[in-house]
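As structure tokens, the structure follows; a few thoughts come after it.
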Amino acid sequence: MNIGALEQWYQNHQRDLPFRHTKNPYAIWVSEVMLQQTQMETVLPYYARFMTRFPTIESLAKATLEDVLTLVQGIGYYRRFKLLYLGAQYLLQVHQGIFPTTYQEVRSIPGVGEYTSGAIMSIAFNQPYAAMDGNVIRVISRLLGIEENTSVSSTRKKIHSIHQTFIEQATPRIYTQAVMELGALICKPQSPLCEKCPLKTECVALKEGLIHRIPSSDKVITIKQRKFVTFIVWRDNHLAFIPSKNALLEGMYLLPQVERERKQDETLIDTFFHVFSHQKWTMDVVEVDDFDDKDIQWIHRDNIDSIPIPQAHKKIVKTILLAKKSV
Ligand code: SF4
């Protein structure tokens, strides 16, 4: 790879993003956690709010999980924020709130995997540790014409080891961000902008007309359809919520709901839908006088904004509150 051309392209064409103005490993950690599952445009306002509210490891570690989840509600994939929060607590206890500087120490932070460790070590500390995401896989497999299935671990290992060789010849801080930026802006999954690519003269996929075949993956995402009855239960201006027992929504507050078809004697208020990455929820919303669950928490209608509610139920709650206001 012509690393010089790639790095030069990055210097001239990178997007101006807030976390590119810092070498603070904590800020880079937060940005990487947010960007792993979420589009850049969505992340930016959340990142700004997060860093204003929790500017340091200590401020995050000393907050409550509820504060953290309330701040990020709407972004999705909440488990990552619980792990980020636990990671901050670990850093406060074990490293006195000072971000460690070696790979082994960074990798030991709860919830920080190989990708995030590599991103932090290279971007914050300019150390040659590879961070491989979907963008990197696409760029390297196209550049070298790797036609093997990239969902197979031996292919991923092969790409990772090539990526590691490249970063060892590069300026790690620039290289890591440059490959990801190239994947995001130029070497897009569909219709890459090869004429603008700094690697076009050496790209095997372009030369051999293989772009549509690379990266090859047989990963099929199946969307599971789930049907719920979701209950609105009022008691003296307090609405019933249940802290989620589902690992993906841990720490969030859900309206009571059961997974089944609506019965004939349950009067439908409205039906709502929400699509997660691997599930689609259909929620028939009904109002009842009571709901039996030992974990119910009654939240006053004026305080509902201060608890973390996942997007799937947030839109139901908003609609219900609006309707109640206008009665
Ligand atoms: S030339 Fe095209 S396919 Fe090859 S790396 Fe560049 S953008 Fe990707």
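The values are calculated or read from the model by the stated rules, or taken from the named source; none is laboratory data. The structure presented is a predicted model; accordingly, all values stated were derived computationally and were not measured. Glycine also receives a Cβ, built like all others from the backbone with ideal geometry; neighbour counts cover every protein chain displayed.
Name the residues in segment 245-268 that are part of a strand (DSSP E or B) and not hydrophobic (A, V, I, L, M, F, W, C), would you? Break it down into steps so the answer makes sense when it comes.
Residues of segment 245-268 part of a strand (DSSP E or B): 253-254, 257-258, 268.
Correct list: Tyr253, Gln257.
Out of Leu60, Leu6, Leu65, report the one residue that is over 27 Å from Ala178 (Cα atoms) and touching a residue at least 60 places away in the same chain (Cβ under 8 Å).
Leu65
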Next item on the list: Just one of (1) within 27 Å of Cys194 (Cβ to Cβ); (2) free of Cβ contacts under 8 Å to residues at least 60 places away in the same chain trips up Ser153, so point out which.
Entry: (1)
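Does Pro198 meet the test of being within 16 Å of the ligand (Cβ to nearest atom), surrounded by fewer than 13 Cβ atoms within 10 Å (Cβ to Cβ) and in contact (Cβ under 8 Å) with a residue 12 or more places away in the chain?
Details: within 16 Å of the ligand (Cβ to nearest atom): yes; surrounded by fewer than 13 Cβ atoms within 10 Å (Cβ to Cβ): no; in contact (Cβ under 8 Å) with a residue 12 or more places away in the chain: yes.
Spelling it out, it is not the case that Pro198 is within 16 Å of the ligand (Cβ to nearest atom), surrounded by fewer than 13 Cβ atoms within 10 Å (Cβ to Cβ) and in contact (Cβ under 8 Å) with a residue 12 or more places away in the chain.
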Next item on the list: Tell me which residues, restricted to segment 171-195, are closer than 14 Å to His13 by Cβ and surrounded by 14 or more Cβ atoms within 10 Å (Cβ to Cβ).
Entry: Ile174, Gln177, Ala178, Val179, Met180, Glu181, Leu182, Gly183, Ala184, Leu185, Ile186, Cys187
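Hey, any hits in segment 284-292 for a residue that's touching a residue at least 12 places away in the same chain (Cβ under 8 Å), under 25 Å from the mean Cα position of the chain (by Cα) and not assigned by TED's automatic domain parsing to the domain that holds Asp16? Outline the logic, then answer.
Residues of segment 284-292 that are touching a residue at least 12 places away in the same chain (Cβ under 8 Å), as a first pass: 284-291.
With the extra rule that they be under 25 Å from the mean Cα position of the chain (by Cα), the set shrinks to none.
The answer is no, given that none of the residues of segment 284-292 is touching a residue at least 12 places away in the same chain (Cβ under 8 Å), under 25 Å from the mean Cα position of the chain (by Cα) and not assigned by TED's automatic domain parsing to the domain that holds Asp16.
Could you please find all residues in segment 201-217 being among the small types (Gly, Ala, Ser) and either surrounded by fewer than 16 Cβ atoms within 10 Å (Cβ to Cβ) or more than 8 Å from the ligand (Cβ to nearest atom) (or both)? Walk me through it before giving the result.
The initial filter retains those residues of segment 201-217 that are among the small types (Gly, Ala, Ser), namely 205, 209, 216-217.
Selection gives Gly209, Ser216, Ser217.
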Check: Which condition number in (1) in contact with a Lys or Arg (Cβ under 6 Å, 6 or more places away or on another chain); (2) in contact (Cβ under 8 Å) with a residue 60 or more places away in the chain is the one that Leu255 fails?
Finding: (1)
Checklist line | Selection status of Leu60, under 30 Å from Gln279 (Cβ atoms) and not hydroxyl-bearing (Ser, Thr, Tyr) | finding: yes
Margin query: Of everything in segment 294-317, what is surrounded by 13 or more Cβ atoms within 10 Å (Cβ to Cβ) and basic (Lys, Arg)? Give them in sequence order.
Written below: Arg301, Lys314, Lys315
Next item on the list: Can you confirm whether segment 101-110 contains a residue that is more than 25 Å from Gln169 (Cα to Cα), in contact with a Gly (Cβ under 8 Å, 6 or more places away or on another chain) and not β-branched (Val, Ile, Thr)?
Entry: yes
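Residues checked against (1) over 21 Å from the mean Cα position of the chain (by Cα); (2) away from the ligand (no atom under 16 Å from the Cβ):
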| site | (1), (2) |
| --- | --- |
| Phe99 | yes, yes |
| Asp133 | no, no |
| Arg142 | yes, no |
| Ser151 | no, yes |
| Ile167 | yes, yes |
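Could you check, for segment 233-248, whether at least one of its residues is on the phi > 0 side of the Ramachandran plot and within 12 Å of the ligand (Cβ to nearest atom)?
Let us first name the residues in segment 233-248 that are on the phi > 0 side of the Ramachandran plot, namely 236-237.
Subset that is within 12 Å of the ligand (Cβ to nearest atom): none.
Within segment 233-248, none of the residues are on the phi > 0 side of the Ramachandran plot and within 12 Å of the ligand (Cβ to nearest atom).
Just for segment 171-195: of the residues that are within 11 Å of the ligand (Cβ to nearest atom) and not aliphatic (A, V, I, L, M), which one is modelled with the lowest pLDDT?
Of the residues in segment 171-195, the ones within 11 Å of the ligand (Cβ to nearest atom) are 179, 182-183, 185-189, 191-195.
Next, from what is left, pick out any that are not aliphatic (A, V, I, L, M): 183, 187-189, 191-192, 194-195.
Details: Gly183: 95, Cys187: 96, Lys188: 93, Pro189: 91, Ser191: 88, Pro192: 91, Cys194: 94, Glu195: 93.
Out of the qualifying residues, it is Ser191.
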Item checked: Every residue from segment 48-101 that is more than 19 Å from Pro25 (Cα to Cα) and small (Gly, Ala, Ser) -> Ala63, Gly74, Gly76
Note to self: Taking the condition of being modelled with pLDDT under 90 and among the β-branched types (Val, Ile, Thr), how many residues in segment 212-238 meet it?
What the structure shows: 5
Check: Taking segment 133-170 as the region of interest, how many residues are surrounded by 19 or more Cβ atoms within 10 Å (Cβ to Cβ), polar (S, T, N, Q) and at pLDDT 90 or above?
Finding: 2
Next item on the list: Please find, within segment 64-82, the residue that is surrounded by the fewest Cβ atoms within 10 Å (Cβ to Cβ) out of those that are in a loop (DSSP other than H, G, I, E, B) and at pLDDT below 90.
Entry: Gly74
Item checked: Residue selected from segment 218-249 under the condition surrounded by 14 or more Cβ atoms within 10 Å (Cβ to Cβ) and in contact with a helix residue (DSSP H, G or I) (Cβ under 9 Å, 6 or more places away or on another chain), by the criterion farthest from Thr282 (Cα to Cα) -> His238
